[in-house]
1. Tell me the carbon and sulfur percent of the accessible area for the chain, rounded to whole percent, probe radius 1.4 Å.
2. When only alpha-carbon atoms are used, what values of Rg and Dmax, in angstrom, describe the chain?
3. Does anyone have the angle between helix 50-76 and the longest principal axis of the chain? Alpha-carbon axes, 0 to 90°, nearest 10?
4. Could you calculate the FRET efficiency of A72 with V18 from 1/(1 + (r/R0)^6), where r is the beta carbon distance between them and R0 is 22 Å, rounded to 0.05?
5. Between helix 2-32 and the chain, what is the angle of the helix's C-alpha long axis to the longest principal axis, kept within 0 to 90° and rounded to the nearest 10?
6. How much length, in nm to one decimal, is gained on full extension between V39 and K54, taken as 0.36 nm per residue of separation minus their Cα-Cα distance?
7. Taking the alpha-carbon distance from K11 and a cut-off under 28 Å, which lysines remain once sequence neighbours fewer than 8 residues away in the same chain are dropped?
8. Taking all pairs of distinct Cα atoms, average 1/r, flip it, and tell me the Kirkwood hydrodynamic radius of region 34-81 in Å to one decimal place.
Amino acid sequence: MMELGLFWTEKALLVVGVLFILTGIVQYGRRSHDWKGVVTMFYKRVPMNVGEYKRYRLGVAFVIFAVVLRFALHVLWPQYTL
């Protein structure tokens with residue numbers, strides 16, 4: 001039962017993380033009207049304001065935590081991973 005809860009928690013964290021990342025990207029694009037900067041955001045620093053930066057980094061943290069949780073699921077309950 002616990003492995004099923006962790007499975008759905010991992011999926012929820014992944015979806016929420018991606019939504020936070022997309023929200024930060026869209027906010028930056030709307031504010032700056034620099035949609036080319038959105039593409040370069042992943043490998044080059046762009047001038048984001050505090051709200052955009054917080055959402056973007058929180059999304060990245062959620063995605064990383066979901067990946068760590070996925071590895072933990074594979075290590076602790078290898079037969080239950082889907």
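The values are calculated or read from the model by the stated rules, or taken from the named source; none is laboratory data. Since we're looking at a predicted model, the values are computed, not measured. Cβ atoms come from the backbone with ideal geometry, glycine included; neighbour counts cover every protein chain shown. SASA here: full protein model, heavy atoms, side chains in, ligands and nucleic acids out. Shrake-Rupley method; radii C 1.70, N 1.55, O 1.52, S 1.80 Å.
1. 72 percent
2. 15.8, 48
3. Orientation of helix 50-76: about 20 degrees from the principal axis.
4. Working from the Cβ atoms, E equals 0.65.
5. 0 degrees
6. Working it through step by step, the gained length comes to 3.6 nm.
7. K54
8. Evaluated over region 34-81, this radius sits at 13.0 Å.
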